[in-house]
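Student: What follows is a structure written as structure tokens; I'll ask about it next.
The values are calculated or read from the model by the stated rules, or taken from the named source; none is laboratory data. Treat the numbers as computed from the prediction; the structure is a model and nothing was measured. Note that each Cβ is placed from the backbone with ideal geometry, even for glycine, and that neighbours are counted across all protein chains shown.
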Amino acid sequence: KKPPESESGLLTKTRTRTQRPPLYKVLLLNDDYTPMEFVVHVLERFFGTNHQQAIEIMLTVHRKGLAVVGVFSFEIAETKVTQVMDYARRNQHPLQCTMEKE
Ligand code: TYC
């Protein structure tokens, strides 16, 4: 196939960049009141982590203030945040979950 040629006779190249959808980190935040057991349960229930992973992530949040619990497309991340926030509220815990663009 012939390369594109402008009126001046110079050859030009057009490169098409592949579009990747943006990813979003879902973060769990520490607080002083949510029981550790509840956080472990949330991680198992909504993020599919096994019990040992859930304990490790919960302790990371507890020690460091927050941790990334997963990376998802916008829609999935938004759903996880909503599910966790609704579940925490229903159980009267102040647990906070947010998302941010990677
Ligand atoms: N800091 C809480 C406690 O000592 C435990 C906790 C861990 C709370 C992780 C929230 O996202 C959290 N009971």
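Student: Among the residues of region 64-100, how many are within 19 Å of M36 (Cβ to Cβ) and part of a helix (DSSP H, G or I)? Write out each step before concluding.
Tutor: Quick first cut of region 64-100, residues within 19 Å of M36 (Cβ to Cβ) only: 64-69, 84-85, 87-97.
When the remaining residues are screened for being part of a helix (DSSP H, G or I), the result is 64, 84-85, 87-90.
The qualifying residues number 7.
Student: R20 versus (1) more than 16 Å from the ligand (Cβ to nearest atom); (2) assigned to a strand (DSSP E or B); (3) not polar (S, T, N, Q): which is the lone unmet condition?
Tutor: Failed condition: (2).
Table: residues versus (1) modelled with pLDDT of 95 or more; (2) within 10 Å of the chain's Cα centre (by Cα).
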site	(1), (2)
T18	no, no
K25	yes, yes
I76	yes, yes
Y87	yes, no
T98	yes, yes
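Student: Okay, next question. Using the structure shown, decide if T79 is among the β-branched types (V, I, T), more than 16 Å from the ligand (Cβ to nearest atom) and on the phi < 0 side of the Ramachandran plot.
Tutor: On the way: among the β-branched types (V, I, T): yes; more than 16 Å from the ligand (Cβ to nearest atom): yes; on the phi < 0 side of the Ramachandran plot: yes.
So T79 fits the description; yes.
Student: Pick from G70, G9, G65, G48: which is away from the ligand (no atom under 16 Å from the Cβ) and modelled with pLDDT of 95 or more?
Tutor: Working: G70 fails: away from the ligand (no atom under 16 Å from the Cβ); G9 fails: modelled with pLDDT of 95 or more; G65 fails: away from the ligand (no atom under 16 Å from the Cβ).
Selected residue: G48, the only one of G70, G9, G65, G48 that is away from the ligand (no atom under 16 Å from the Cβ) and modelled with pLDDT of 95 or more.
Student: What's the total number of residues in region 14-41 that are in contact (Cβ under 8 Å) with a residue 40 or more places away in the chain and in contact with a strand residue (DSSP E or B) (Cβ under 8 Å, 6 or more places away or on another chain)? Quick ask: steps written out before the conclusion?
Tutor: Applying the first criterion (in contact (Cβ under 8 Å) with a residue 40 or more places away in the chain) to region 14-41 yields 21-29, 31, 33-35, 38-39.
In the following step, the residues that additionally are in contact with a strand residue (DSSP E or B) (Cβ under 8 Å, 6 or more places away or on another chain) were identified as 22-29, 31, 39.
Total meeting the criteria: 10.
Student: A follow-up question, please. So which of V61, V42 is of a type outside the set (D, E), assigned to a helix (DSSP H, G or I) and within 19 Å of Q92 (Cα to Cα)?
Tutor: Numbers: V61 fails: within 19 Å of Q92 (Cα to Cα).
Only one candidate qualifies: V42.
Student: Still on this structure, I have one more. Would you check if M58 is touching a residue at least 12 places away in the same chain (Cβ under 8 Å) and more than 21 Å from A77 (Cβ to Cβ)?
Tutor: On the way: touching a residue at least 12 places away in the same chain (Cβ under 8 Å): yes; more than 21 Å from A77 (Cβ to Cβ): no.
For M58, the condition - touching a residue at least 12 places away in the same chain (Cβ under 8 Å) and more than 21 Å from A77 (Cβ to Cβ) - is not met.
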